[in-house]
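Please read the structure below before turning to the comments.
Nothing in this text is a laboratory measurement; each read-out follows from the coordinates by a stated rule. Just so we're clear, the structure is a prediction, and the values are computed from it rather than from any experiment. Glycine gets a Cβ as well: all are built from the backbone with ideal geometry, and neighbour counts include every protein chain shown.
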Amino acid sequence: MASSLTVVSYLVAGAMTISCVRNIKEGYVKEDFKVFHAVEKNEWLRLSVVCPLLIGALFAALYGMYDYVGGAAAKVLQFSWLTLLSTPEEKVHGTNLIVAAGSSIPYFGVIFLGLLFLNLPGMARAEEEMFREGTKSWKDGVPRSLAFGLMHCIVGVPVAAGLALMIPGLWFTREYFQGGVDRSTRVHAFYNMIMIPILAYFIISTTLHK
């Protein structure tokens, strides 16, 4: 019998696949990719530098929380609701279920990642409209960035990852102040286009070595 975590994973993978295919079919993906239209060479260069630095800062923050925080605080930081569903054999300590659910399915995972990649600009815009649009100052932007990071705990990332995701959230806020939702969406989407393949690599590698 399939475990609760397996059932949830397949349900998420199915829902994400249906959503991605629908967005492509209805033309939303083509519209969302317009955020990259007419982007100048200097902007591409800036994105190519800034986004990897954000990812590096994110992993550095995670490393610090996992390696230098102990006791009860460590247990809180490492907590993910996925641990409540996983069996001792599965040993799941937290992951991004949006990526992991589909990418870890043999053969189908490649198709799923392709569909997900095409939908990243739209997903980034939805998050920017939710957490950045209407932000007036850093007094408002800091708690919104924290909420942005912790929101990812809903899809299974540990609390530590949710807190660390505040770092790119703060940068996206800075981008929003400089150019509105279109600018922050462009940076957010490019960041995701680098991050998602990295996550998928680790998820698939872990799956293959089980």
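Some points to look at:
- Some residue of the range 81-88 being surrounded by 11 or more Cβ atoms within 10 Å (Cβ to Cβ), under 30 Å from Thr185 (Cβ atoms) and touching a residue at least 12 places away in the same chain (Cβ under 8 Å): yes
- Consider the range 1-48 and keep the residues that are under 30 Å from Gln178 (Cβ atoms) and of a type in the set (Val, Ile, Thr). The one that is surrounded by the fewest Cβ atoms within 10 Å (Cβ to Cβ) is Val39.
Matching residues to (1) of a type in the set (A, V, I, L, M); (2) part of a helix (DSSP H, G or I):
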site: Val7; (1), (2): yes, yes
site: Thr17; (1), (2): no, yes
site: Leu53; (1), (2): yes, yes
site: Ala57; (1), (2): yes, yes
site: Leu82; (1), (2): yes, yes
site: Lys91; (1), (2): no, no
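- Meeting the requirement of 3 or more residues that are in contact (Cβ under 8 Å) with a residue 40 or more places away in the chain and aromatic (Phe, Trp, Tyr), the helices (runs of 4 or more DSSP H) wholly within the range 136-210 are 166-208.
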